Structure formats: structure tokens, C-alpha cells
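Enquirer: Below is one structure. I have some questions about it.
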Amino acid sequence: YISFGFNNSSVNTVYSLGYTNPFATVDGISQGFNAYYRKTNATNANIAGYSTDNWGGDTSFGIPISEDNRVRLALGYENTKLHLLSTNTIQHYTDFVNREGSSFNTVTLTLGWSDDSRDSSVLPTRGMYQNISAKVAVPIGSLQFYKLRYKNQWYHPLTDSLTLGLNGNLGYADGYGNTTELPFFQNFYAGGIRSVRGFQANTLGVKENGLPLGGNLLVTGGAEVIFPIPFMKKTLKSFRLSAFTDFGNVYGSNQKFDASLLRYSAGISAI
């Protein structure tokens with residue numbers, strides 16, 4: 001597979017090129033290469049004021065363990081130029097730049113494991129998907145940090161038309177070695193259509209000057225009952241509705257997990 005990507009919005013400008021061979025060996029080991037340039041204006045994503053220019057790439061291998069299980073290994077490089085905005089300056093950001101600088105070269109190693117028993121990756125009705133990943137910025141780069149993630153999706157048919165779906169997402173990250181804290185532009189964020197629906201994107205968690213800062217601990221999850229559009233089950237098979245409830249938040253490095261700080265929402269969604 002060869003892919004070319006271009007995205008231009010108020011938040012991101014992205015150019016990307018990718019190549020994947022799903023059967024690089026007769027044993028089903030996949031190999032991929034990716035290269036990209038990305039310019040991000042965090043303020044337009046409801047995040048405290050900064051912007052970044054990134055370019056880099058990675059090479060990855062996918063190793064099948066069984067029919068449903070796969071291990072992923074990746075080596076990546078990224079060059080980051082960080083720009084703080086003159087307005088709405090966050091003191092924590094200024095302190096980080098004064099201490100670490102504003103230009104970074106990062107080399108990362110990623111190890112991941114996934115288990116996918118869903119009957120469909122697009123419109124599942126039964127089965128489970130889970131993924132565990134660990135990403136480490138190694139000491140040969142400008143910054144040293146690590147990010148741990150766990151994602152889970154579970155689906156179970158209630159009737160011929162109704163499907164129960166549960167999901168959870170956990171993340172933890174921190175700096176190590178010469179980097180005393182997680183770089184703020186690597187923070188987790190919550191809120192929005194892909195995490196806690198009903199809240200504006202990226203707006204949960206600690207704020208300063210009214211602007212979200214994100215955090216190094218992420219906890220989100222939810223439950224939903226998925227059903228076809230009434231009277232259009234056969235004509236719109238690729239479009240479904242769900243009644244959902246979501247919860248979640250992000251916590252800063254000086255916070256511990258506190259269930260009372262979790263935010264909740266409920267509503268109707270189109271899938």
C-alpha cells in the first residue's frame with residue numbers, strides 16, 4: 001500500500017507519505033515506512049497558546065502472533081520547533097522553554113500489542129479490540145520521556161438489531177533522565193467527539209488563564225447501545241445510531257487520580 005496525505009485546517013497543516021507491505025515475509029510480517037511534515041496551531045484546538053513545526057518519519061514492523069494477536073515494533077525520528085504565542089503566555093510553558101530550549105530532535109522506540117476479535121473493524125456487532133503500547137524517547141535525542149497507552153472496545157449483541165458497546169482508554173506519560181517532566185506538547189487531552197462527547201474538544205482538565213493545559217494521566221470510557229435508523233435498516237446498513245454515556249478527564253503531573261473530577265455526558269450519536 002502507498003498513501004499520500006494532505007490536510008489543511010485551522011489546527012493542522014499536514015503532508016504525509018506512507019508505504020506498507022503487509023506480507024514482507026512469508027510468515028506474514030508487515031513492514032512500513034512513513035514520512036510527514038506537520039504544522040500545528042494548538043490555540044485553534046482549544047489548547048493553551050503555542051504552535052509547533054514537526055517533520056520526521058518512522059519504520060515499523062508488525063509481527064503476527066496468532067489470528068487475532070499482533071505485535072508492532074517501530075523506530076521513529078522527529079524534529080520539533082516550538083513557538084510560544086506572545087498572548088496568553090503560560091508561565092509553565094515559558095519555564096520549560098527557558099530550561100530545555102525550543103528546538104528538539106527526538107528518537108523514539110515503540111512496542112505495541114493488539115488483540116482484535118471483532119466481526120468488523122467498521123461496524124462491529126460482537127467481539128473485542130484491545131491495544132497496549134509503550135513509546136519511549138531514547139537518550140540520544142534532545143528529550144527523554146515515555147508514554148503508555150491502553151485502549152479497549154467490547155461489543156455484544158443484545159438482539160438482532162441492538163448492540164451493546166463498552167470502551168475504555170488509559171494513558172500515562174512522564175519525563176525521565178535529563179528531562180525532569182513530560183514536555184507539555186506531549187500531554188494527553190480529553191473532551192470532544194473521540195473521547196468525552198458533549199464537551200468541546202480538548203477542554204477537560206486543568207486550565208490556566210482559562211485555557212486547557214492537558215495532563216500526563218488520561219482516563220476516559222463509555223457505554224452505548226447501537227441500533228439502526230428506524231425504518232431504514234436495510235437501505236442504510238453503513239449508518240447507525242447509538243444512545244451513549246461517556247466519562248473521563250485528564251490530570252496534571254501534580255495531581256492524583258480523583259474519581260470526583262471525572263466529567264460525564266449522555267446523548268444520541270450517529271456512527
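The values are calculated or read from the model by the stated rules, or taken from the named source; none is laboratory data. In this text, all values refer to a predicted model and were calculated from it rather than measured experimentally. Positions of Cβ are backbone-derived with ideal geometry, glycine not excepted, and every protein chain shown enters the neighbour counts. What goes into the accessible areas is simple: the full protein's heavy atoms, side chains included, and nothing from ligands, DNA or RNA. Shrake-Rupley method; radii C 1.70, N 1.55, O 1.52, S 1.80 Å.
Enquirer: Percentage of Cα-Cα pair distances in region 185-239 greater than 16 Å, rounded to whole percent?
Expert: Considering region 185-239, 57 percent of its Cα-Cα pairs are separated by more than 16 Å.
Enquirer: What share of Cα pairs, in percent, lie more than 22 angstrom apart in region 1-91?
Expert: 46 percent
Enquirer: Can you give the relative contact order of the chain as a percent, counting alpha carbon pairs under 8 Å and 6+ residues apart?
Expert: Reported relative contact order: 11 percent.
Enquirer: Roughly how many whole Å is it from the C-alpha centroid of region 74-117 to that of region 1-17?
Expert: 19 Å
Enquirer: Further question: If you bin every alpha carbon distance in region 1-44 into 10 Å steps from zero, what whole percent lands in each bin?
Expert: Per 10 Å bin, starting at zero, the Cα-Cα P(r) for region 1-44 comes out as 26, 34, 23, 13, 3 percent.
Enquirer: To continue, here is another question. May I ask for the equivalent-ellipsoid semi-axes of region 122-228, computed as the square root of five times each C-alpha gyration tensor eigenvalue and listed largest first in whole Å?
Expert: They are 33, 18, 8 Å, listed largest first.
Enquirer: Still on this structure, please answer the following. Taking only the C-alpha atoms, wrap a convex hull around region 208-271 and report its volume per residue in Å³ as a whole number.
Expert: Enclosed volume per residue, from the Cα hull, is 115 Å³.
Enquirer: Taking Lys135 as the anchor, which aspartates and glutamates have their alpha carbon closer than 19 Å to its alpha carbon, excluding any fewer than eight residues away along the same chain?
Expert: Asp58, Glu78, Asp115, Asp174, Glu181
Enquirer: For the chain, find the longest principal axis of its Cα atoms and tell me its angle to the long axis of helix 91-100, 0 to 90°, nearest 10.
Expert: Once rounded, one gets 70 degrees.
Enquirer: How big is the charge dipole of region 104-183 about its Cα centre, in debye rounded to the nearest 20, if each Lys and Arg gets +1 on its Cβ and each Asp and Glu gets -1 on its Cβ?
Expert: The dipole of region 104-183 has a size of about 100 debye.
Enquirer: Which loop trypsin sites (Lys or Arg not before Pro) in region 171-271, with loop taken from DSSP, have no more than 13 other Cβ atoms within 10 angstrom of their Cβ?
Expert: Those satisfying the criteria are Arg194, Lys233, Lys234, Lys237, Lys256.
Enquirer: Within the chain, what whole-number % of the accessible surface is contributed by carbon and sulfur, with the 1.4 Å probe and all protein chains included in the calculation?
Expert: It is 58 percent, rounded to a whole number.
Enquirer: Probe of 1.4 angstrom, ligands and nucleic acids ignored: what's the accessible area per residue over the chain, in square angstrom?
Expert: 55 Å²
Enquirer: Region 120-146 to region 162-195: how many Å between their Cα centroids?
Expert: One Cα centre to the other: 11 Å.
Enquirer: Per DSSP H run of n ≥ 4, the term is -39500 (n - 2.57); total these for the chain, divide by its residue number, and report the mean residue ellipticity at 222 nm rounded to 500 deg cm²/dmol.
Expert: Estimated from H runs of four or more residues: -1000 deg cm²/dmol.
Enquirer: Please list the radius of gyration and Dmax for the chain, considering alpha-carbon atoms only, with Å as the unit.
Expert: 20.2, 61
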